[in-house]
Amino acid sequence: MSRRRTRTDRTQRDSARDARRESLFVLLARIERCAPLTAAEAGLLRAHVEAELAEGDQARRSAAGQAAAVRREQQRTRAAEAAITEAEQDRERALATLRDARP
């Protein structure tokens, strides 16, 4: 069952992501300066990286699903356009037959 996402949900996710990324930048800066990380900081770094990877995977899955939906709609549109063209051709043939049948 798909849960409808609200603007508040999106805002909360965005805020959490921003905070996580800011923390990542701080931790990476410490590592860059060769400052040792505490066990808690190392755990936090791992958790942040795993969360970013999971979000990236989810975004890619979502994008793939959206691309598939677009392809399906494009196929439906092409089929509808072909049906319209066929109906117009049938109409023209019927009108021609009617014109030819009139005295």
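Read-outs: derived from the displayed coordinates by stated rules, not from any lab. Quantities reported herein were computed from a predicted structural model and do not represent experimental measurements. Virtual Cβ from ideal backbone geometry, glycine too; neighbours counted across all protein chains shown.
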Inset, instruction - Hey, could you check the stretch 1-56 for residues that are part of a loop (DSSP other than H, G, I, E, B) and among the charged types (D, E, K, R) and say which is surrounded by the most Cβ atoms within 10 Å (Cβ to Cβ)? - result: 5
Legend entry - Extreme residue, nearest to residue 62 (Cα to Cα), among residues of the stretch 18-43 that are in contact with a helix residue (DSSP H, G or I) (Cβ under 7 Å, 6 or more places away or on another chain) and not hydroxyl-bearing (Ser, Thr, Tyr): 20
Legend entry - Exclusive hit being loosely packed, with under 10 Cβ neighbours inside 10 Å and either touching a Phe, Trp or Tyr at 6+ places or on another chain (Cβ under 9 Å) or not hydrophobic (A, V, I, L, M, F, W, C) (or both), set 99, 60: 99
